[in-house]
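Following: one structure in structure tokens, then a few remarks.
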Amino acid sequence: MATLIKGGLLITAERSFPADILVEGGKISQIGQNLQSANADQVDATGKLILPGGVDPHVHLDLPMFGTVSSDDHYTGTKAAAYGGTTTVIDFVSFDFPSLGESVEKWQAKAEKAAVDYSAHMNLTRFDDKIAAEIPSLRDTGITTLKVFTAYNNRLRIDDGNIFKTLRIARNNGILVMLHAENGDVIEMLTTEALAAGHTTPEWHAKTRPAWGAVESALRAFALAAMAETSLYLVHMNTAGEVDMLKYAREHGVKVMGETCPQYLFFSEDDLRRPDGAKWVCSPPVRTSVDNAQLWKGAMDGTIQTIATDHCPFFYDGTKPILYEGKPVAIPGKELGTQDFTRIPNGVPGVEDRLPVIWTTGVGSGKLTPSQFVALTSTNPAKIFGLYPRKGALLPGSDADIVIFDPRKKVTYGIVHCHQRTDYNLYEGWDLTGYPEKVFLRGQLIVDGDMWLGKRGGGEFLKRNQGGIL
Ligand code: DUC
Ligand code: ZN
Ligand code: ZN
């Protein structure tokens, strides 16, 4: 089946230009003026923008945590992504089984119900010679990225020596290492002290995970990457200091890149002090308005390459069911930590919110050009994670993952509007201008206004190539 999208303004990471797009066999076959096709379905996009489908390189679906599980699984989370204009997501494989390969297989079995295209990064949360020897084989499974942690002692963290070894193996095998930067030792100590002093409230989540820990461990890892003569991607940047460190390392020729997420651009410890502050508990924590401003600046001036989400929703009150696809669903969530901030499941929803919220606050406010918006939310993640030009591009031969975006549509955003499977939205009541109208995945119309036309299992697993360095 062919589709001809006529009269829209195409926005790419480089430029904006009016053109028609012909889609055949799930791919973009032609881009040009006054295209004709006798047997194609015609879609009138006059007055609309045509964007490449969003690529969210950082989501957690069906993630077990603190005796519960994140409330979007691979179907519900990717359906929400589609409604928000995102057609590719990259999840994480938990290293729960003896080998990396078995962990990937277990993840594949859960992920195959995805409704948009998907891949995963491998969490490298243990390290020994056997694991080191297995890392290169990840490439054969199409997974070309590893995430390491400088926090979560005795759970997810590996030590600096092993991070250095990992960086060298990665360099030799075309793999990119991603870093979660916080100081695990300091967090352990401050948490123990806070609990002993009887502190129970959500703001203590931030107070026990100081910004300086993120700053020093980011610089430490950039230095390890420099010494290993390879690249590194810093996930979920949340502090002004990390922006400074990223800029410093890049100016010194270290091939490091960075990602931030909307929660770090808008929210602060003040939100954690609200009566419903548990809604904002995520790791790393939200910081201050100064950090918000510096992260925006980093995204605007090109220091930061991507805006992802770290989507990892939990119910605010998981004792009360919501209706999801007509059925009641309740999943234990933030209420687990009412008496103890260390038991609040860490994470916030966002995969659906990302494009409309960043469009209004970024492009609508003049902070970002439309092309910068596309670069940060689609093209750059596709390039860095080995998916370009199949994803993140409006080019002949690219997958026809296309968003017809109405730049004039006004929406008072919030939970009633949303498809993320949780009972709250961080942007409740925000006035947005600009919203996805139609979303195509490999040429199939999967979202048409409010209508869901996609399907469980309609997403494809993406075998990724070696990524690029931006
Ligand atoms: N941070 C969160 O807040 N949740 C899931 C994982 C992570 O890194
Ligand atoms: Zn992380
Ligand atoms: Zn994460």
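Here are the numbers for this structure:
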item: Residue within region 120-133 that is among the small types (Gly, Ala, Ser) and touching a strand residue (DSSP E or B) at 6+ places or on another chain (Cβ under 9 Å) present; result: yes
item: Any hit, region 27-34, residues being within 29 Å of residue 409 (Cα to Cα), free of Cβ contacts under 8 Å to residues at least 24 places away in the same chain and either within 16 Å of ligand 2 (Cβ to nearest atom) or open to solvent by 50 Å² or more (accessible area, probe 1.4 Å) (or both); result: yes
item: Matching option when the condition is open to solvent by 50 Å² or more (accessible area, probe 1.4 Å) and either away from ligand 3 (no atom under 16 Å from the Cβ) or closer than 14 Å to residue 180 by Cα (or both), among 203, 251, 242; result: 251
item: Filter result for residue 297 (of a type in the set (D, E, K, R), part of a helix (DSSP H, G or I), open to solvent by 60 Å² or more (accessible area, probe 1.4 Å) and more than 16 Å from ligand 3 (Cβ to nearest atom)); result: yes
item: Options 235, 290; residue that is surrounded by fewer than 17 Cβ atoms within 10 Å (Cβ to Cβ), among the hydrophobic types (A, V, I, L, M, F, W, C) and farther than 23 Å from residue 317 by Cα; result: 290
item: Residue 89 vs. criteria closer than 26 Å to residue 138 by Cα, touching a residue at least 12 places away in the same chain (Cβ under 8 Å), away from ligand 2 (no atom under 16 Å from the Cβ) and not polar (S, T, N, Q); result: no
item: Of all residues making up region 308-343, the number that are over 16 Å from residue 67 (Cβ atoms) and open to solvent by less than 10 Å² (accessible area, probe 1.4 Å); result: 4
item: Selection within region 56-79 - closer than 13 Å to residue 117 by Cα and out of contact with any strand residue (DSSP E or B) (no Cβ under 8 Å at 6 or more places or on another chain); result: 75
item: Enumeration of residues in region 419-447 that are among the acidic types (Asp, Glu) and either crowded, with 21+ Cβ neighbours inside 10 Å or within 21 Å of residue 74 (Cα to Cα) (or both); result: 423
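The values are calculated or read from the model by the stated rules, or taken from the named source; none is laboratory data. The structure displayed is predicted, hence computed values, not measured ones. When we count neighbours, we look across all protein chains shown, and the Cβ atoms used for this are built from the backbone with ideal geometry, even at glycine. In case anyone asks, the SASA skips ligands and DNA or RNA and just uses the protein heavy atoms, side chains included. Shrake-Rupley method; radii C 1.70, N 1.55, O 1.52, S 1.80 Å.
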